[in-house]
Structure formats: C-alpha cells, structure tokens
Amino acid sequence: MRYEGAVYRPPSEAYSLIIQVTLGCSHNKCTFCSMYKDKKFRIRKLEDIFEDLQMARAYYSTVKRIFLADGDALILKTEDLEKILIKIKELFPECERVGVYATPKDIIRKSEEDMIKLKNLGLKIIYIGVESGSEEILKDIKKGVTGNEMIEAGKKVRKSGIKLSATLISGLGGKEKWEKHAVESAKVISKMNPDYLGLLTLMVERNTEMYEKIQKGEITLLSPKEVMIETREFIKNLHVSNCVFRSNHASNYAPLAAVLNEEKEELLGQLDDFIDGNCDFKSEVYRRL
Ligand code: SF4
C-alpha cells in the first residue's frame with residue numbers, strides 16, 4: 001500500500017484496511033497533538049484514492065473494515081465521499097464498515113440528508129476527538145471547537161444512524177483544572193450520548209505547545225492517582241445509556257471497561273480500588289501514545 005507520512009487510526013480500527021483520503025489535519029493547531037505536524041494538509045485526488053483501493057483489492061482476499069484516514073476525511077465534499085463509498089462497495093462487497101475521523105465542524109457543515117446518504121453507502125462509524133467538555137480547556141488547547149458544537153455534531157451523527165465514537169483525554173486540564181475537566185466533560189458527553197466512549201490519558205511530546213507550557217509551570221501533570229480521582233468525578237457525573245466505555249489505551253494507567261450508565265456502580269468501585277491503593281498502576285515506562 002502507498003502511505004504518506006505516519007498514519008494514525010483509532011484502536012478499534014487495528015485490523016482495518018487504511019486508505020488515506022486526506023493527508024494531515026485541516027486544523028493542526030491543538031497544543032497537545034504532534035500527529036500531523038510534519039504534514040501539510042491536503043485532500044488527495046480521487047484517482048489516487050481509487051488506485052489505492054484497487055491495489056488493496058489485488059492484495060487482500062477479505063476486507064471487513066476500511067478506515068479512511070488521515071485527520072478528518074469528512075471534510076471531503078459529500079459527492080466525492082459518495083464516489084469513494086460506491087467504489088468500496090464495488091471492489092469490497094464483503095466490507096461491513098467504513099469509518100472516519102471527523103471534526104465537529106465537518107459534521108455541522110453536512111446536511112442531515114447528506115449524512116443519511118453516506119450512512120446508506122456504508123459509512124458506519126465516525127470518531128470525534130472531544131478531548132474535554134470545558135470551554136476553558138478547549139480554548140487553552142486551541143481545539144477550535146466549542147462544547148456546544150461538539151454536542152450539535154454528536155447529535156447529528158446519532159440522528160443519521162451512523163455510530164458515534166467520542167474520545168476524551170484524562171489530565172488535559174492539569175492539576176489546575178481537573179475538576180472543571182471532569183464535570184464539564186461529563187455534561188457534554190451526556191448530551192452527545194455516544195455509542196462508544198474512549199478515555200485516553202495525556203502524554204506530552206516534546207514538539208508540542210503543551211510541553212512548553214508544562215516546562216513554564218503553566219500546567220502541572222496529574223499523578224496516576226489524581227487521574228483516577230478525575231476519572232471517578234467524570235463517571236459520577238455522566239448520564240448516558242448503552243454507551244460502551246473503554247479506557248484501555250496504551251496511554252492509560254489502568255485498564256477500565258464498562259457499559260454506561262448500566263455498569264456505573266461497578267466502574268466507580270474499580271476506580272475506588274485504584275484510588276485506595278488496592279490495585280497497581282501501569283508503570284510510566286510502559287505507557288505509549
Ligand atoms: S487533535 Fe485532532 S484536530 Fe487537533 S491537531 Fe491533532 S489531529 Fe488535528
């Protein structure tokens with residue numbers, strides 16, 4: 001396969017065929033993110049995307065899932081996305097799910113009819129990096145999106161019938177804003193009511209603005225126990241239904257899984273075990289992005 005630069009995908013797309021339809025991220029300003037710093041954003045030509053799909057068809061006998069990378073495939077015009085999804089149907093009739101990362105602004109720009117058209121052509125899951133529900137933290141990290149836009153986008157995805165997967169980052173407000181991060185994120189996620197919710201834990205890379213802020217003492221990282229206290233506060237305030245919650249990414253200090261709110265009490269109990277010192281945290285050396 002032909003890939004340009006580093007390619008990122010959600011953990012649940014580990015076995016998917018990855019096809020780059022854009023290169024990089026159209027926003028590329030978040031203070032904690034170094035993923036696409038080396039890439040100038042552009043949308044790839046349709047003929048190049050089709051060629052990649054044909055190459056993959058010649059190489060793989062069965063493809064059940066396809067993830068359209070990089071940062072925000074939904075920025076493509078609906079008619080171009082339709083052509084890509086139709087080509088996928090022609091070449092990979094066995095494909096059960098196509099997924100994309102999308103920014104809330106991409107989603108808000110699309111009409112409800114467009115979203116339904118895309119769903120009917122095979123777009124089955126959209127991943128949104130919410131990161132935090134706190135307006136203050138969203139501004140601090142230069143996310144370029146408000147909590148209300150996150151909610152509007154999330155509701156639109158769910159209304160279209162496409163599965164919604166949202167991601168938050170523990171520790172993003174540091175010791176200074178952990179409580180705001182927990183409570184406000186719970187408010188936003190409760191209103192979005194995603195099908196899947198992933199919780200990563202902040203890891204800071206040197207080539208980011210966040211790293212510089214930490215060096216200057218503007219943000220203080222949470223300890224593993226403080227991450228659990230923040231997570232507990234978040235879960236306590238969360239009101240969702242039938243949401244598959246996972247915090248088992250390589251960046252996390254502790255593996256957590258539950259269906260929320262149905263298994264909320266059990267999850268709070270697990271968090272208490274970590275907070276009370278009854279369970280060990282993952283060692284810092286084993287954490288990864
Ligand atoms: S976090 Fe997402 S939106 Fe922000 S710069 Fe990174 S890829 Fe782009």
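The values are calculated or read from the model by the stated rules, or taken from the named source; none is laboratory data. If you're wondering where the values come from, they're calculated on a predicted model, not measured in any experiment. Quick reminder, even Gly has a Cβ in these numbers, built from the backbone with ideal geometry, and neighbours come from all protein chains shown. The accessibility values were calculated without ligands, DNA or RNA, using every heavy atom of the protein model including side chains. Shrake-Rupley method; radii C 1.70, N 1.55, O 1.52, S 1.80 Å.
Among the residues of the range 191-207, is there at least one that is over 27 Å from Cys279 (Cβ atoms) and touching a helix residue (DSSP H, G or I) at 6+ places or on another chain (Cβ under 6 Å)? Checked against the condition, which is being over 27 Å from Cys279 (Cβ atoms) and touching a helix residue (DSSP H, G or I) at 6+ places or on another chain (Cβ under 6 Å), the range 191-207 yields at least one hit. For Ile116, indicate whether it is touching a helix residue (DSSP H, G or I) at 6+ places or on another chain (Cβ under 6 Å), open to solvent by less than 20 Å² (accessible area, probe 1.4 Å) and of a type in the set (Val, Ile, Thr). No. Each residue in the range 177-210 was checked for being closer than 22 Å to Arg287 by Cβ and of a type in the set (D, E, K, R), and 4 of them qualify. Here Asp280 passes the criteria (1) at pLDDT 95 or above; (2) not hydrophobic (A, V, I, L, M, F, W, C); (3) not in a helix (DSSP H, G or I) except the one numbered (1). Taking every residue in the range 149-165 that is in contact (Cβ under 8 Å) with a residue 60 or more places away in the chain and pairing it with any residue that is among the small types (Gly, Ala, Ser) and surrounded by 17 or more Cβ atoms within 10 Å (Cβ to Cβ), at least 6 positions away or on another chain, the pairs with Cβ-Cβ distances below 8 Å are Ser165/Ser12; Ser165/Gly198. Just to be sure, is Ala166 under 24 Å from Pro104 (Cα atoms) and not in a helix (DSSP H, G or I)? It is true that Ala166 is under 24 Å from Pro104 (Cα atoms) and not in a helix (DSSP H, G or I). Within the range 25-53, the set of residues being without any contact (Cβ under 8 Å) to a residue 60 or more places away in the chain and touching a Leu at 6+ places or on another chain (Cβ under 7 Å) comprises Lys39, Phe41, Arg42, Ile43, Arg44, Leu53. Is one or more of the residues making up the range 63-78 over 22 Å from the mean Cα position of the chain (by Cα), more than 23 Å from Glu152 (Cα to Cα) and more than 16 Å from the ligand (Cβ to nearest atom)? For the range 63-78, residues over 22 Å from the mean Cα position of the chain (by Cα), more than 23 Å from Glu152 (Cα to Cα) and more than 16 Å from the ligand (Cβ to nearest atom): present.
Only residues that are touching a residue at least 12 places away in the same chain (Cβ under 8 Å) and more than 16 Å from the ligand (Cβ to nearest atom) were counted in the range 112-133, giving 12.
Restricting the range 23-53 to residues that are open to solvent by less than 20 Å² (accessible area, probe 1.4 Å) and either farther than 30 Å from Glu136 by Cβ or part of a helix (DSSP H, G or I) (or both) leaves a set whose member that is farthest from the ligand (Cβ to nearest atom) is Leu53. Could you grab me the full set of residues in the range 6-16 that are more than 12 Å from the ligand (Cβ to nearest atom), of a type outside the set (Ser, Thr, Tyr) and without any contact (Cβ under 8 Å) to a residue 60 or more places away in the chain? Answer for the range 6-16, where residues must be more than 12 Å from the ligand (Cβ to nearest atom), of a type outside the set (Ser, Thr, Tyr) and without any contact (Cβ under 8 Å) to a residue 60 or more places away in the chain: just Ala14. All of Gly154, Gly129, Gly122 fail the test of being at positive phi and not charged (D, E, K, R), apart from Gly122. Across the range 274-288, the number of residues qualifying as surrounded by 13 or more Cβ atoms within 10 Å (Cβ to Cβ) and either more than 23 Å from Lys187 (Cβ to Cβ) or touching a Gly at 6+ places or on another chain (Cβ under 7 Å) (or both) comes to 5. Would you check if Thr220 is out of contact with any strand residue (DSSP E or B) (no Cβ under 6 Å at 6 or more places or on another chain), hydroxyl-bearing (Ser, Thr, Tyr) and over 18 Å from Glu135 (Cβ atoms)? In short, yes.
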